[in-house]
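Asks: Got a structure for you, written out below as structure tokens; questions coming shortly.
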Amino acid sequence: MQITEIKIFPVNEDKLKAYVTVTFDDSFVVRDLKVIQGNSRLFVAMPSRRMKDGSFRDVVHPSNAEMREQLEKAIFEEYNRSLESHSSSESHNNNESHSNSESHSNSESHNSDESLHS
């Protein structure tokens with residue numbers, strides 16, 4: 001079974017860092033995995049539901065360590081890529097905003113100069 005797509009949905013919460021959707025073999029989709037900040041590292045939590053006794057039980061999960069490692073590695077790679085692209089787009093937007101305010105400021109000062117000379 002091959003992972004064919006991973007979608008990362010970042011969230012701005014203390015421990016919960018992102019929701020994840022994974023597609024296997026272009027035909028089987030698993031939603032609501034989570035990237036969570038643990039005490040010492042990030043980890044991937046499987047989709048789960050609350051049982052009658054209040055405990056949680058995974059709805060789906062890898063059945064062996066090899067698949068869990070492959071899944072976590074792929075999710076963390078995509079998560080890190082999404083952080084980098086989010087960070088670079090924020091930087092680009094901040095630079096654009098700064099440039100726009102400078103040009104707006106320059107045109108205002110140019111207009112003020114003209115009114116002084118009229």
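Asks: Looking at region 53-82, I want the residues that are β-branched (Val, Ile, Thr) and have a partner that is surrounded by fewer than 15 Cβ atoms within 10 Å (Cβ to Cβ) and outside any loop (DSSP other than H, G, I, E, B) with Cβ atoms under 6 Å, at least 6 apart or on another chain. Which pairs are those?
Replies: VAL59/ARG49
Asks: I'm trying to understand the selection: among the residues of region 31-79, which are of a type in the set (Asp, Glu) and within 12 Å of ALA18 (Cα to Cα)?
Replies: If the condition is that a residue be of a type in the set (Asp, Glu) and within 12 Å of ALA18 (Cα to Cα), then ASP32, GLU78 are the ones that fit.
Asks: Still on this structure: Pick from region 59-79 the residues that are more than 19 Å from the chain's Cα centre (by Cα) and assigned to a helix (DSSP H, G or I): which of them is nearest to GLU5 (Cα to Cα)?
Replies: So, considering only residues that are more than 19 Å from the chain's Cα centre (by Cα) and assigned to a helix (DSSP H, G or I), the one nearest to GLU5 (Cα to Cα) is GLN70.
Asks: Based on what the data block shows, is ARG31 more than 14 Å from the chain's Cα centre (by Cα) and closer than 20 Å to GLU84 by Cβ?
Replies: Taking the combined requirement at face value, the residue does not satisfy it.
Asks: Inside region 1-31, can you point out the residues that are part of a loop (DSSP other than H, G, I, E, B) and either modelled with pLDDT under 95 or at negative phi (or both)?
Replies: MET1, GLN2, VAL11, ASN12, GLU13, ASP14, LYS15, SER27 - these are the residues of region 1-31 that are part of a loop (DSSP other than H, G, I, E, B) and either modelled with pLDDT under 95 or at negative phi (or both).
Asks: Further question on the same structure: Which one of LYS34, LYS73, LYS52 is surrounded by 14 or more Cβ atoms within 10 Å (Cβ to Cβ), at pLDDT 95 or above and among the basic types (Lys, Arg)?
Replies: LYS34
The values are calculated or read from the model by the stated rules, or taken from the named source; none is laboratory data. For clarity, every value in this text was computed on a predicted model and none was experimentally measured. No Cβ is skipped: glycine too gets one built from the backbone with ideal geometry, and neighbour counts run over all protein chains shown.
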